[in-house]
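Working notes for the structure below.
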Amino acid sequence: MNGISPRYKIVASQLDSSHSKIPSSSSYFISPSHLLTPRRSSRRPFRYFLSTKRLSTLLAMGSSKEGPVKEMPLGVDATTEEEYASQSRLLQDFTSISSIDKAWIFKSDSGIGSQAMFSISQPNLLANKRKKFILSSHISRESNNSVNFQWSPFPVEMTGVSVFVPSPSGAKLFVVRNPENESPCQFEIWGRGQLEKEFHIPQSVHGSVYTDGWFQGISWNADETLIAYVAEEPAPSKPTFTGQGYKKGSSTDKDFGNWKGQGDWKEEWGETYAGKRQPALFVININSGEAQAVKGIEKSLSVGQVVWAPPVKGSHQPLVFVGWSEGIRKLGIKFCFNRPCALYVVKAPNFESEANGSELKASSTEDLPAVKLTQSISSAFYPRFSPDGKFLLFLSARSSVDSGAHSATDSLHRIDWPVDGVLSSSAKIVDVIPVVMCAEDGCFPGLYWSSILSNPWLSDGCTMIISSIWGSCQVILSVNVLSGEVSRISSADSNSWDVLTLDGDNIIAVSSSPVDVPHINYGYLVDKESTSTAWSWLNVSSPPSECSEKVKSLLSSLQFSILKVPLRDVSGSITKGATKPIEAIFVSSKTKRNDSFDPLIVILHGGPHSVSLSSFSKSLAFLSSVGFSLLLVNYRGSLGFGEEALQSLLGKIGSQDVDDVLVAIDHVIDKGLASPSKIAVLGGSHGGFLTTHLIGQAPDKFVVAAARNPVCNLALMIGTTDIPDWCYVEAYGSEGRNNYTEAPSAEHLTLLHSKSPISHVSKVKTPTLFLLGAQDLRVPVSTGFQYARALKEKGVPVKVIVFPQDTHGIERPQSDFESFLNIGVWFKNEADINIGEPSTYKEAISGLQREEWMKAMESELESMENNKIFFDNTAVVFCSKNNKRSYGTKHMHIKYKLIREKIKQGFIKISYIDTVSMLADPLNKPLPVKAFKQHVENMGLTSNFDMLN
């Protein structure tokens with residue numbers, strides 16, 4: 001259904017001819033949300049009760065016949081339009097906050113202190129892109145353990161830059177500008193004060209450089225003359241046709257008499273990789289500008305995350321990279337750590353300096369095949385060499401690969417690197433940090449890495465500084481790679497922390513919370529001489545942390561806490577980790593308004609093996625500032641709580657995760673933090689799966705919902721998604737890996753349907769907003785469309801917004817902005833949730849118990865003598881668009897057929913009535929139909945409303 005709020009649609013084609021000022025072909029909308037204030041009981045999803053003040057105001061406005069009727073956009077009334085304007089101004093303030101993405105540290109030219117370079121970004125709504133900037137600062141340590149950051153006056157925008165990577169010394173900067181068409185890829189080498197070199201690499205050598213954060217790998221060698229990187233392999237030649245038919249031989253010549261065919265289709269890596277063929281490994285000599293593909297790598301391998309190995313005197317310098325085999329097909333790899341991968345070592349091209357420049361020296365050693373280093377383990381990525389080159393560290397997601405879960409608890413491993421650089425596939429792999437199955441309370445829950453610094457080492461050469469997830473927080477850890485000792489070194493508060501870079505043995509990090517914008521911190525060991533691992537953290541004032549005074553004021557009025565939520569029934573859990581309490585992040589106002597509660601939005605993360613962190617989110621901070629409390633639920637299956645809890649969800653989606661969310665909601669209600677009658681739910685991907693499950697399985701619990709690219713029907717999704725194996729594993733459990741097939745049986749489809757929200761759609765009553773990315777390969781829009789149409793078919797208010805160019809994340813700046821703006825407006829207008837006003841009958845009728853209130857309501861209704869539109873004993877009845885249902889209860893169920901006949905006899909046509917009640921609660925005077933009739937007549941729409949009496 002179009003529009004933001006429930007409304008009458010009155011088609012004026014049959015109006016009295018005296019109302020000629022209204023064009024006969026126009027449609028007008030009267031929104032009952034102007035007249036009505038929502039109230040809700042446990043029996044009905046939500047209902048509208050008369051607000052006498054709002055009615056009198058609107059009737060007074062409607063009584064004036066001066067001036068023409070203002071035409072609004074379809075489905076948008078004046079109040080809604082003002083809500084859009086107000087919320088959009090606030091959302092723009094939040095959107096403009098900068099993000100601190102990366103940082104690098106170099107030695108200062110003066111030898112005193114350090115020079116830091118920060119990469120920051122900011123959405124540009126008009127251009128629909130993210131602007132990238134470089135901001136520099138000089139860092140000096142003072143004698144009193146304070147630190148001084150001297151920031152450059154202004155950041156420098158990196159216009160048109162795809163990625164940039166400074167050399168280890170900081171003397172050079174490698175800048176990549178990927179083409180948007182078939183133009184060459186542009187490389188630039190910058191010195192401290194000027195552009196030193198510029199190279200244009202034609203498409204015949206390679207396509208765009210990968211900047212995705214997964215296949216992406218750009219690595220300078222030790223003497224800063226060579227750069228290894230990952231780029232798209234050259235496009236294969238396509239068949240050529242002329243007016244005479246097929247042309248023999250391939251040609252790149254542009255001839256208007258020719259046209260190119262498509263050639264063979266090649267598998268892609270799914271979501272966000274549409275149009276990408278194969279990532280391949282290249283090396284460029286920055287003196288000559290010559291770029292060459294690295295030889296010896298199997299064509300079936302997709303490569304990424306390349307690093308230079310320690311040089312060996314008298315030998316070609318080797319490269320270590322990660323390789324993924326495609327198998328029968330390439331399954332989606334974005335956020336899917338269950339794709340097998342391995343570390344390989346290969347010889348780099350040998351560039352010999354000659355009189356006429358640098359040329360590639362032909363050598364038989366270049367044709368040696370790459371050696372697989374990790375034969376005994378199913379997953380290996382993020383390779384990092386120790387400073388002395390004696391060992392190679394890498395991360396493994398073998399628990400994901402072995403179980404089939406798309407993400408799980410990681411492990412850390414080490415390979416001792418030989419001095420001569422000669423390695424074999426039988427290299428011994430040492431476990432540094434194993435997978436943690438179930439941690440004791442307050443103890444290390446296991447590794448959950450999202451990225452790792454290019455240089456994560458302290459000066460002792462064996463301590464790595466990394467970021468990881470610990471429950472609902474992201475924390476900074478120090479890891480001794482020889483002993484396996486792990487220490488949490490970031491502050492013990494509930495904020496989330498992320499390491500940006502190291503300044504010698506000091507740490508530059510960024511911390512934030514749901515109510516605090518990201519800010520830079522400087523950490524140092526309290527006593528380097530002792531065995532203590534205590535760290536002290538200094539807050540650094542920085543330009544990227546600045547925001548508007550309005551945002552500061554709003555955030556200062558909010559608070560958050562991380563709640564431990566005990567589970568109700570764990571009798572079916574077979575592991576200890578699956579019986580432990582879950583966590584939920586609760587964000588609310590510091591002040592309570594008039595003994596009432598702010599409406600609560602339940603936020604559900606996707607995955608399901610992901611996590612909601614206690615970090616700053618611009619979009620969620622916006623929703624908090626609009627007047628909502630937030631509950632971010634980390635149900636069992638989330639990252640950060642041990643492997644047993646995570647694995648417990650496999651095979652139980654749609655039941656265990658749904659129960660966990662309902663338990664968390666009841667927990668905050670029981671603690672007196674939220675009202676049971678003012679609950680909304682919002683989720684994306686698997687969070688959308690839970691959202692649509694919840695409004696079906698608990699249809700009376702939620703007043704409004706919003707879902708971003710939701711998984712609504714696994715049986716439909718499995719044939720079109722880039723991760724069909726995900727459907728099997730999450731529905732069947734780990735054995736789903738063996739059941740997975742590209743041709744699912746009827747039995748498989750039946751089970752997948754039973755696990756899906758679509759199986760509960762007949763019970764849904766909640767108005768729902770759908771936000772869909774048309775280019776989504778992960779959860780194709782067909783599933784969202786099917787569910788939304790099913791709701792519309794049964795008369796449930798629905799709004800659908802499709803973003804034509806967006807993929808699964810809906811991350812383009814304009815799309816992200818419009819998405820959350822509509823969520824804010826939908827939640828406030830569609831459910832008409834009034835911030836700080838009473839909403840339940842217990843709050844509205846002080847001192848009356850439910851039974852007493854029901855008796856008063858029945859008495860009030862009986863006295864109305866059919867003076868209302870449909871009603872029942874809970875003051876709500878509405879007619880669906882398709883006229884298949886009337887809603888009532890066993891006490892006062894009025895059939896609507898007779899009224900429908902009267903509508904047919906009327907002078908106007910009411911196309912449909914959505915979720916409308918003209919009833920009042922016992923504290924207000926009843927609203928006779930004649931009052932509504934008068935209001936409509938004053939607007940010049942009709943003179944006959946008798947059929948509603």
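The values are calculated or read from the model by the stated rules, or taken from the named source; none is laboratory data. Just so it is clear, the structure is predicted and the values come from calculations on it, not from any experiment. Every residue, glycine as well, gets a Cβ built from its backbone with ideal geometry; the counts of neighbours run over all protein chains shown. The protein model used for the area step is the full one, side chains on, heavy atoms only, and it has no ligands, DNA or RNA in it. Shrake-Rupley method; radii C 1.70, N 1.55, O 1.52, S 1.80 Å.
Just the residues that are more than 19 Å from N285 (Cα to Cα) and open to solvent by less than 40 Å² (accessible area, probe 1.4 Å), please, taken from the stretch 179-215. Across the stretch 179-215, the qualifying residues are P179, W214, F215.
Of the residues making up the stretch 292-330, those that are open to solvent by 10 Å² or more (accessible area, probe 1.4 Å), touching a Gly at 6+ places or on another chain (Cβ under 9 Å) and among the β-branched types (V, I, T) are I297, V307, V312. Within the stretch 581-604, is there a residue that is modelled with pLDDT of 95 or more and open to solvent by 50 Å² or more (accessible area, probe 1.4 Å)? Yes, the stretch 581-604 contains at least one residue that is modelled with pLDDT of 95 or more and open to solvent by 50 Å² or more (accessible area, probe 1.4 Å).
Here's the yes/no breakdown for (1) open to solvent by 40 Å² or more (accessible area, probe 1.4 Å); (2) part of a loop (DSSP other than H, G, I, E, B):
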residue	(1), (2)
I469	no, no
V475	no, no
S478	no, no
S483	yes, yes
D493	yes, yes
W497	no, no
A509	no, no
Y524	no, no
W537	yes, no
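Take P757 and decide whether it is in contact (Cβ under 8 Å) with a residue 40 or more places away in the chain and either touching a helix residue (DSSP H, G or I) at 6+ places or on another chain (Cβ under 6 Å) or more than 30 Å from H667 (Cα to Cα) (or both). Spelling it out, P757 is indeed in contact (Cβ under 8 Å) with a residue 40 or more places away in the chain and either touching a helix residue (DSSP H, G or I) at 6+ places or on another chain (Cβ under 6 Å) or more than 30 Å from H667 (Cα to Cα) (or both).
In the set K763, K792, which member is under 16 Å from T691 (Cβ atoms) and open to solvent by 50 Å² or more (accessible area, probe 1.4 Å)? Break it down into steps so the answer makes sense when it comes.
Values: K792 fails: under 16 Å from T691 (Cβ atoms).
Answer to the selection: K763.
If you go through the stretch 680-720, how many residues are of a type in the set (V, I, T) and surrounded by fewer than 24 Cβ atoms within 10 Å (Cβ to Cβ)?
First, the residues of the stretch 680-720 that are of a type in the set (V, I, T): 681, 691-692, 695, 703-704, 711, 718, 720.
With surrounded by fewer than 24 Cβ atoms within 10 Å (Cβ to Cβ) added as a condition, the list becomes 718, 720.
Result for the stretch 680-720: 2.
Looking at the stretch 636-660, which of the residues that are of a type in the set (D, E, K, R) and assigned to a helix (DSSP H, G or I) is surrounded by the most Cβ atoms within 10 Å (Cβ to Cβ)? Out of the qualifying residues, it is D657.
So which residues in the stretch 736-760 are in a loop (DSSP other than H, G, I, E, B) and open to solvent by 30 Å² or more (accessible area, probe 1.4 Å)?
Step one: of the stretch 736-760, the residues in a loop (DSSP other than H, G, I, E, B) are 740-745, 755-756.
Passing the criteria: Y740, T741, E742, A743, P744, S745, K755.
Evaluation of I562 against the conditions (1) within 28 Å of the chain's Cα centre (by Cα); (2) among the hydrophobic types (A, V, I, L, M, F, W, C); (3) crowded, with 20+ Cβ neighbours inside 10 Å shows that the sole unmet condition is (3). Among the residues of the stretch 661-679, none is identified as crowded, with 24+ Cβ neighbours inside 10 Å, at pLDDT 95 or above and not hydrophobic (A, V, I, L, M, F, W, C). Of the candidates T80, T95, the single residue that is closer than 19 Å to F820 by Cβ, at pLDDT below 95 and among the β-branched types (V, I, T) is T80.
Quick check on the stretch 708-727. Is at least one of its residues of a type in the set (A, V, I, L, M, F, W, C), closer than 16 Å to L630 by Cα and more than 21 Å from the chain's Cα centre (by Cα)?
First, pick out the residues of the stretch 708-727 that are of a type in the set (A, V, I, L, M, F, W, C): 711-712, 714-718, 723, 726-727.
Subsequent filtering for residues that are closer than 16 Å to L630 by Cα retains none.
No, that holds for no residue.
Among S478, S467, S513, which is out of contact with any Phe, Trp or Tyr (no Cβ under 8 Å at 6 or more places or on another chain) and of a type in the set (S, T, Y)?
Numbers: S467 fails: out of contact with any Phe, Trp or Tyr (no Cβ under 8 Å at 6 or more places or on another chain); S513 fails: out of contact with any Phe, Trp or Tyr (no Cβ under 8 Å at 6 or more places or on another chain).
After ruling out the rest, the residue left standing is S478.
So that you can scan it fast, the table gives a plain yes or no per residue for (1) under 27 Å from the mean Cα position of the chain (by Cα); (2) polar (S, T, N, Q); (3) in the same structural domain as P318 (by the TED database); (4) buried (at least 18 other Cβ atoms within 10 Å of the Cβ):
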residue	(1), (2), (3), (4)
V419	no, no, no, no
S425	no, yes, no, no
K428	no, no, no, no
I433	no, no, no, yes
V436	yes, no, no, yes
C443	no, no, no, no
I452	yes, no, no, yes
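Residue count for the stretch 106-132, restricted to those that are surrounded by 19 or more Cβ atoms within 10 Å (Cβ to Cβ) and among the hydrophobic types (A, V, I, L, M, F, W, C): 4. Looking only at residues in the stretch 77-99 that are among the small types (G, A, S) and not in a helix (DSSP H, G or I), the one that is most open to solvent (accessible area, probe 1.4 Å) is S96.
Suppose the filter is outside the structural domain of A405 (by the TED database) and touching a Lys or Arg at 6+ places or on another chain (Cβ under 6 Å); does L769 pass it? Outline the logic, then answer.
Numbers: outside the structural domain of A405 (by the TED database): yes; touching a Lys or Arg at 6+ places or on another chain (Cβ under 6 Å): yes.
Yes, satisfied.
A single member of A408, A439 is assigned to a loop (DSSP other than H, G, I, E, B), modelled with pLDDT of 95 or more and either of a type outside the set (D, E) or touching a helix residue (DSSP H, G or I) at 6+ places or on another chain (Cβ under 6 Å) (or both), and it is A408.
Among residues belonging to the stretch 138-178 that are part of a loop (DSSP other than H, G, I, E, B) and β-branched (V, I, T), point out the one that is most open to solvent (accessible area, probe 1.4 Å). Give the derivation first.
Residues of the stretch 138-178 that are part of a loop (DSSP other than H, G, I, E, B), as a first pass: 142-146, 152-155, 158-162, 167-172, 178.
Remaining after also requiring β-branched (V, I, T): 159, 161.
On the way: T159: 91, V161: 15 Å².
Taking the candidates together, the pick is T159.
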